[in-house]
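The next block holds one structure in the form of structure tokens; read it before the comments.
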Amino acid sequence: MHPLLQNANNRNDLLDISEVQPLSDRDQPLVDEIYQVLKKHNALKRFGLTLLHKHFDITKDEMLIESVDPITRTQTVKPYKKNELAGYDFIETAWRLDTGKAVMDCKCIKFGDDHSHQTRG
């Protein structure tokens, strides 16, 4: 495996949320450039930015899963064992780009065509 891909597959190499620098005015040139690229590709309503960070380590046999309860208006992202998730339909929702390729970092469970993604139970 390419060394860069090894690092990107290790979510634990991200900085803890307490150590990462938040978005600031000095990032505006970067945001402007990304905006122009997304606009050029008609993707402004499809993609955005996220602050890469971690709150805890995730093992290789785990995957971050996003679930939403629209009734309580609650969004949760938590790790699940990959073997617990067989048979579920997913849509990828977050990618790391530090390898030069989009590396999936989070999935959202889909339930039916309306993608109401309640909880996985």
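The values are calculated or read from the model by the stated rules, or taken from the named source; none is laboratory data. Quantities reported herein were computed from a predicted structural model and do not represent experimental measurements. So basically every Cβ, Gly included, is an ideal-geometry build from the backbone, and we count neighbours across all protein chains shown.
Brief remarks follow.
- Restricting attention to the stretch 6-35, the residues being among the basic types (Lys, Arg) and either in contact with a strand residue (DSSP E or B) (Cβ under 7 Å, 6 or more places away or on another chain) or modelled with pLDDT under 90 (or both) number 1.
- Count of residues meeting criterion [out of contact with any strand residue (DSSP E or B) (no Cβ under 9 Å at 6 or more places or on another chain) and either closer than 15 Å to residue 104 by Cα or in contact (Cβ under 8 Å) with a residue 40 or more places away in the chain (or both)] in the stretch 59-87: 2
- For residue 67, the conditions (1) at pLDDT below 90; (2) more than 15 Å from the chain's Cα centre (by Cα) are fulfilled apart from (2).
- Exactly one residue among 30, 38, 64 is part of a helix (DSSP H, G or I) and closer than 17 Å to residue 98 by Cβ, and that residue is 30.
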